[in-house]
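Notes for the one structure printed next.
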Amino acid sequence: PSYSFHLFFIHQEIINSFISSTGRTLETISPRTGEVIARVAEGDSADVDLAVAAARQAFDHGPWPRMSGFVRGRVLSKFADLIDQNADELAGLESIDAGKLFTFNKMADIPFAANLLRYYAGAADKIHGDVLKMSRELHGYTLLEPIGVVGHIIPWNFPCTLFFSKVAPALAAGCTMVVKPAEQTPLSALFFAHLAREAGIPDGVMNVVVGYGATAGAAISAHMDVDKVSFTGSTEVGRKVMQAAALSNLKPVSLELGGKSPVLIFDDADVDKAVDLALLAIFYNKGEVCAAGSRVFVQEGIYDEFVKKLAVKAKEWTVGDPLDPTTRVGPQVNKTQFERVLSYIEHGKREGATLLTGGKPAAETGFYIQPTVFTDVKEDMMISRDEIFGPVMALMKFKTIEEGIKYANNTKYGLASGIVTKSLDIANTVSRSIKAGVVWINCYHGFDIDCPFGGYKMSGFGKDFGMEALHKYLQTKAVVTPIYNSPWL
């Protein structure tokens, strides 16, 4: 509690520096206790208009798109250094606001965010077009130009890393932007806006508007002066973003949406390792991961042994205060998500699945849920079809490789997947057969800055991370001029 108060105190001045045109505020609630942490200025469509106008002015007339890539990279590197210098505060804010583990925030999420800035800082002066070998007496080349004003809509499960998965490449490309963090977890985004100014990012380049999806998010998606929207969130909302973009100025969108990712574990796998990976796949970040391995398929030869070991090892995933270094599973982000996960657990029971572990709230206060595993799950059950976004595993058995592939692909989603096997032949066959944007072999949650991440099917399109993400915020212009009396074409 004293640490929470310290963080609130140092952040309050930053919170108060943000205003809305209506004067309204929204509450951000601590998932640790269910209590109000702070009240933040609530932006609506009028505030989005102001932010877009500032971003448009900064893009059309400001220095940021006109700086050399080298200079932009220097600013992004300074931004990264400031994140490192404030790592404790940022890790604490993520824990208090989103229920994420402090130790993991400090060890992984915050350094990952800083390094995303450094990665794209290094790419900022390497944005090149091509010289074209034309088929007739013409000289042609391409320019890669920043796409313009970008709207970023950020989810609540990874407020820090997903903020920079979008903001960093867009800044490197020379874009200006309006960022709407999730209304459930706005505090780190406000801190990042403060640090951006300290880093030397010019006014109007990065604008943060905290508000609800139905108002601020919808206004960004439909705005006639926003040139591109990047959204991470549910498939349902992604469809609305895409529709609004089409009905407005036909702006391009990139969508990283839901998932119901399969983990296929074959008979030749090391069972202990497979159990550990399966638990990591679903319980990491309390199951609030779009790529969570929520459907686990185990080949029948090792199924019984796997289930026995899983039941024992699942108990090692202790639930508790995210500020406690011994905790492995923190609280769900808010009461709505807490109740949603519990309702799916009840659906699983009613539909006839067997509750192996967990299944109940884990504390009297806060939004804590026991890590939960269901066995005897059928493909048509809700817990097998729907994205629950919580610590709930659906465990199923399969016989042959072909049957495992069929089960894995029997979903409307196609975000991520996992394979556990010692056979190179199985790994090659299955990785090429699964319809998903990423396949992790003998690992899970193998995210990396240099590895593009995004989905197939109803998990969306467009990639975060890697150089593909940078190109989302660039557009190609072809320039052609005649050539006369050239000795060669």
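The values are calculated or read from the model by the stated rules, or taken from the named source; none is laboratory data. Just so it is clear, the structure is predicted and the values come from calculations on it, not from any experiment. Methodologically, a virtual Cβ is constructed for each residue, glycine included, from the backbone with ideal geometry; neighbour enumeration extends over all protein chains shown. The area values use the complete protein model at the heavy-atom level, side chains included, leaving out ligands, DNA and RNA. Shrake-Rupley method; radii C 1.70, N 1.55, O 1.52, S 1.80 Å.
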Query raised in the report: Residue check, ARG72 against (1) open to solvent by 30 Å² or more (accessible area, probe 1.4 Å); (2) at pLDDT 95 or above, all met but one. Which one?
Result: (1)
Query raised in the report: Among the numbered criteria (1) surrounded by 24 or more Cβ atoms within 10 Å (Cβ to Cβ); (2) acidic (Asp, Glu); (3) free of Cβ contacts under 8 Å to residues at least 24 places away in the same chain, which single criterion is violated by ASP97?
Result: (3)
Query raised in the report: Which ones in segment 427-451 are over 22 Å from the mean Cα position of the chain (by Cα) and among the charged types (D, E, K, R)?
Result: ARG432
Query raised in the report: Taking only pairs six or more apart or across chains, which ones have beta-carbon atoms under 8 Å, a first residue in segment 205-228 that is under 14 Å from ARG239 (Cα atoms), and a second residue that is of a type in the set (Phe, Trp, Tyr)?
Result: SER221/PHE231
Query raised in the report: Quick check: anything in segment 76-94 in contact with a Leu (Cβ under 7 Å, 6 or more places away or on another chain), farther than 25 Å from GLU27 by Cβ, part of a strand (DSSP E or B) and at pLDDT 95 or above?
Result: no
Query raised in the report: Which pairs do you get when a residue that is outside any helix (DSSP H, G or I), found in segment 469-483, comes within reach of a residue that is open to solvent by 40 Å² or more (accessible area, probe 1.4 Å) and of a type in the set (Ser, Thr, Tyr), reach meaning Cβ atoms under 7 angstrom, with the pair 6+ apart or on two chains?
Result: VAL479/TYR141
Report task. Could you list, in sequence order, all residues of segment 441-451 that are part of a loop (DSSP other than H, G, I, E, B) and either of a type in the set (S, T, N, Q) or within 20 Å of ALA427 (Cβ to Cβ) (or both)? Result -> ASN442, CYS443, TYR444, HIS445, GLY446, PHE447, ASP448, CYS451
Report task. Taking ASN115 as meeting all but one of (1) under 22 Å from the mean Cα position of the chain (by Cα); (2) crowded, with 24+ Cβ neighbours inside 10 Å, write down the number of the exception. Result -> (2)
Report task. Determine whether LYS286 is part of a loop (DSSP other than H, G, I, E, B) and either under 25 Å from ALA469 (Cβ atoms) or within 18 Å of the chain's Cα centre (by Cα) (or both). Result -> no
Report summary line: The number of residues in segment 295-312 that are open to solvent by 10 Å² or more (accessible area, probe 1.4 Å) and in contact with a Lys or Arg (Cβ under 8 Å, 6 or more places away or on another chain) is 3
**Report entry** Inter-residue pairs, beta-carbon under 6 Å, first modelled with pLDDT of 95 or more and in segment 368-387, second open to solvent by 40 Å² or more (accessible area, probe 1.4 Å) and part of a helix (DSSP H, G or I), 6+ apart
**Finding:** MET382/HIS347
Query - Selection count where residues are outside any loop (DSSP other than H, G, I, E, B) and among the hydrophobic types (A, V, I, L, M, F, W, C), scope segment 291-332 - result: 11
**Report entry** Looking only at segment 20-58, and only at residues there that are hydroxyl-bearing (Ser, Thr, Tyr) and part of a strand (DSSP E or B), the one that is surrounded by the fewest Cβ atoms within 10 Å (Cβ to Cβ)
**Finding:** THR25
Query raised in the report: Do the conditions hold for LEU132, that is, is it surrounded by fewer than 24 Cβ atoms within 10 Å (Cβ to Cβ) and in contact with a strand residue (DSSP E or B) (Cβ under 9 Å, 6 or more places away or on another chain)?
Result: yes
Report task. For segment 422-445, state whether one or more residues are open to solvent by less than 30 Å² (accessible area, probe 1.4 Å) and within 12 Å of PHE297 (Cβ to Cβ). Result -> yes
Report task. Would you mind stating whether PHE104 is open to solvent by less than 40 Å² (accessible area, probe 1.4 Å) and in a helix (DSSP H, G or I)? Result -> no
Requested in this report: Would you check if there is a residue in segment 261-279 being in contact with a Cys (Cβ under 9 Å, 6 or more places away or on another chain) and either open to solvent by 10 Å² or more (accessible area, probe 1.4 Å) or within 30 Å of ALA314 (Cβ to Cβ) (or both)?
Outcome: yes
Query raised in the report: Tally time: how many residues in segment 171-225 are part of a helix (DSSP H, G or I) and among the β-branched types (Val, Ile, Thr)?
Result: 2
Report task. For segment 255-263, indicate whether the set of residues that are farther than 22 Å from ALA394 by Cβ, of a type outside the set (Lys, Arg) and at pLDDT 95 or above is non-empty. Result -> yes
**Report entry** Pick from segment 162-217, criterion surrounded by fewer than 24 Cβ atoms within 10 Å (Cβ to Cβ) and of a type in the set (Ser, Thr, Tyr), ranking: farthest from GLU42 (Cα to Cα)
**Finding:** THR215
**Report entry** Qualifying positions in segment 359-375 - in contact with a Lys or Arg (Cβ under 9 Å, 6 or more places away or on another chain), open to solvent by 10 Å² or more (accessible area, probe 1.4 Å) and not polar (S, T, N, Q)
**Finding:** GLY366, PHE367, TYR368, PRO371
Report summary line: Listed by first then second residue, the pairs whose first member lies in segment 69-82 and is touching a residue at least 12 places away in the same chain (Cβ under 8 Å), whose partner is among the hydroxyl-bearing types (Ser, Thr, Tyr), with beta carbons under 7 Å and at least 6 positions apart or on separate chains, are LEU76/TYR120
Report summary line: Selection from segment 238-260 of residues open to solvent by less than 60 Å² (accessible area, probe 1.4 Å) and either of a type in the set (A, V, I, L, M) or without any contact (Cβ under 8 Å) to a residue 40 or more places away in the chain (or both) yields VAL241, ALA244, ALA245, ALA246, SER248, ASN249, LYS251, VAL253, LEU255, LEU257
